[in-house]
């Protein structure tokens, strides 16, 4: 998606905010960029530059989502799937010409054993994991229909397109191309049904997972980096009311990376 009309200014007058992960490399790059550009606060900016890895990018998305500012990530970590390559020169020009992707999160509502509930958003994945040495014991329903009466294993992941190459991929889940309007429901170390590999679901699906034995088999739910313990059940659905704008260099687009990842050895 082009973002020619995203900025109402040219590269020379682009107001840039910059946040970093605090790692040695991120701090080094921040100081180098400071020599070229006059940074402003995120609230005053046209764009937020995030220096770090994918974890820092997720934090930047969550921390600044309410500002509705586009975010341009620069890799100072390991994988950096959501990041661009580091180059100090021509940063405003790269941002102005970058491709825009609008990402919608999935919303989780978790109900605890004591009856309390908590809600959270996730741009990568929501997961439900065993919280003890015993396997999880979970009922899975989709749009009000029980699909698996009793899942036993280490847990389950609901992943977005952007998050499908993260933990979901490590759990042998499918990579989802952008724009496919799908969510991945992926098992982690399934014991029963032993041969179940997971499911691809319409992005409009409402997924419910219930702990069938909360007293003996405690579960922990996560939404990106947020953890909720002693979970009785969770409901997961896409949230169209929230979105974040993420920028990628045209020669390093997110869509191309997702496609390329499917052919990686």
### Query
What nm value, rounded to one decimal, do you get for the distance between residue 257 and residue 28 when each label is placed 7 Å out toward the C-beta?
2.1
### Query
If R0 is 22 Å, what FRET efficiency do you get for residue 150 and residue 200 from their C-beta distance, rounded to 0.05?
0.50
## Note on the structure
Taking Cα pairs closer than 8 Å and at least 6 residues apart, the relative contact order of segment 32-112 in percent is 27
### Query
Contour minus end-to-end for residue 6 and residue 66, with contour as 0.36 nm per residue of separation and end-to-end as the Cα-Cα distance?
19.9 nm
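Per DSSP H run of at least 4 residues, take -39500 (n - 2.57); add these up for the chain, divide by its residues and hand me the 222 nm value, nearest 500 deg cm²/dmol.
Per the formula, -4500 deg cm²/dmol.
Using only the alpha carbon atoms of segment 106-238, find the Kirkwood hydrodynamic radius as the inverse mean reciprocal pair distance, in angstroms to one decimal.
Here the Kirkwood hydrodynamic radius works out to 14.3 Å.
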### Task
Please work out the Kirkwood hydrodynamic radius for segment 1-146, using every pair of different C-alpha atoms, and report it in angstroms with one decimal place.
17.7
#### Entry: Length-normalised contact order of segment 154-193 in % [C-alpha pairs under 8 Å, at least 6 apart]
51
### Task
Quick one: compute the contact order of the chain, relative version, from alpha carbon pairs under 8 angstrom and 6+ residues apart, as a percent.
21
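Given a Förster distance of 22 angstrom, what is the FRET efficiency for residue 35 paired with residue 13, based on the Cβ-Cβ distance and rounded to 0.05?
0.70
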### Task
Rank these for me by crowding, 200, 185, going from fewest to most other beta carbons within 10 Å.
200, 185
### Query
Separation of segment 199-260 and segment 21-41 by C-alpha centroid, Å?
31
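What ranking of 197, 69 emerges when the number of other C-beta atoms within 10 Å of each C-beta is taken as an exposure proxy, fewest first?
197, 69
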### Message
Antiparallel versus total DSSP beta bridges in segment 34-149: what percent is that, nearest 5?
### Response
60
## Note on the structure
Per the Cα gyration tensor, the chain corresponds to an equivalent ellipsoid with semi-axes, largest first in Å, of 37, 18, 17
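Any read-out appearing in this document is the output of simple, stated calculations on the displayed coordinates, not a laboratory observation. From a predicted model like this one, the values you see are computed outputs, not experimental measurements. Neighbour counts are summed over all protein chains in view; Cβ atoms, including those assigned to glycine, are modelled from backbone coordinates with ideal geometry.
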